[in-house]
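K.L.:
Encoded as structure tokens, here's the structure I'll be asking about.
Taken together, the values in this text are just the output of simple stated rules run on the coordinates, not laboratory data. Treat the numbers as computed from the prediction; the structure is a model and nothing was measured. Positions of Cβ are generated from backbone atoms using ideal geometry, with glycine treated the same way; all protein chains shown enter the neighbour counts.
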Amino acid sequence: MAGSSAERIGYITRVQSFSACHRLHSIHLSDEENKRVFGKCNNPNGHGHNYKVEVTVRGNIDRHTGMVMNLTDLKKHIEEVIMVPMDHKNLDKDVQYFSTVASTTENVAVYIWDNMVKALPPGLLYEIKIYETDNNIVVYRGE
Ligand SMILES: Nc1nc2c(c(=O)[nH]1)N=C([C@H](O)[C@H](O)COP(=O)(O)OP(=O)(O)OP(=O)(O)O)CN2
Ligand SMILES: [Zn+2]
């Protein structure tokens, strides 16, 4: 149990919204298979979402600063990793990663994880949670 001399672990989360359009389509499937698997979301005209992303880091609450990390620094990383490449973009056409990877919310979470983990101090990133809609929610923890 955490006592006065023990390290204490905290989880801190920053929420960020962004808007983007996409089409669900896999280069590994035929046109017919794409239509069957993705249905209306395979429509070539695409569709848009107001995504909400929760980025959570886990770590020691520093004795002197009282912080796991400075949320202002996390905000800057989120700007670089999420907002610059994806906000008001066509995910499939504007983000190189999705030229070969289907832009499902699972894969958007993996994309954010892979880039956020490079930006943050080692071992801090805990979870990426994305609300594609109010009803469709994806969690990725780097596993
Ligand atoms: N496993 C996944 N399934 C689906 C994804 C996904 O990213 N991962 N994405 C979609 C589509 O992008 C689509 O926009 C969502 O479709 P749907 O669930 O039909 O949602 P609605 O637009 O109808 O909105 P609700 O508010 O949820 O009704 C599909 N599947
Ligand atoms: Zn969609």
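K.L.:
Under the rule of at least 5 residues apart or a separate chain, name every residue whose amide H is placed under 5 Å from the amide H of K89.
P.N.:
Amide H to amide H, under 5 Å and 5 or more residues apart or across chains, K89 pairs with C21.
K.L.:
For the chain, set up a GNM with springs between Cα atoms under 10 Å and report which of E32, E79, E106 has the largest fluctuation.
P.N.:
E32
K.L.:
Go ahead and set up a Gaussian network model of the chain, Cα springs under 10 Å, then flag whichever of I78, I130, I27 fluctuates most.
P.N.:
Highest fluctuation among the options: I27.
K.L.:
Just name one of I27, A119, T65: the one whose Cα is farthest towards the positive end of the charge dipole of the chain (beta-carbon charges, Lys/Arg +1, Asp/Glu -1).
P.N.:
Projecting each Cα onto the dipole axis, the largest value belongs to T65.
K.L.:
Got a sec to turn the phi values of the range 18-29 into Karplus ³J(HN,Hα) couplings, 6.51 cos²θ - 1.76 cosθ + 1.60 with θ = phi - 60°, whole Hz, x for Gly and Pro?
P.N.:
My calculation for the range 18-29 gives 8, 10, 7, 10, 6, 9, 7, 7, 10, 6, 8, 10 Hz in order.
K.L.:
Let me ask something else about it. Check S103: other-chain or 5+ apart residues with amide H under 5 Å from its amide H, H built from backbone geometry?
P.N.:
Distant-sequence amide H within range of S103: H25.
K.L.:
Running a GNM on the chain with Cα contacts under 10 Å, which residue among L125, L24, L71 ends up with the highest mean-square fluctuation?
P.N.:
Largest GNM mean-square fluctuation: L71.
K.L.:
Is the C-alpha gyration tensor of the range 1-84 telling us rounded, prolate or oblate? Criteria: a/c under 1.5 is rounded; beyond that, a/b larger than b/c is prolate, otherwise oblate. Display every interim value, and only then the final one.
P.N.:
Details: a/c = 4.66, a/b = 2.69, b/c = 1.73.
Here the range 1-84 falls in the prolate category.
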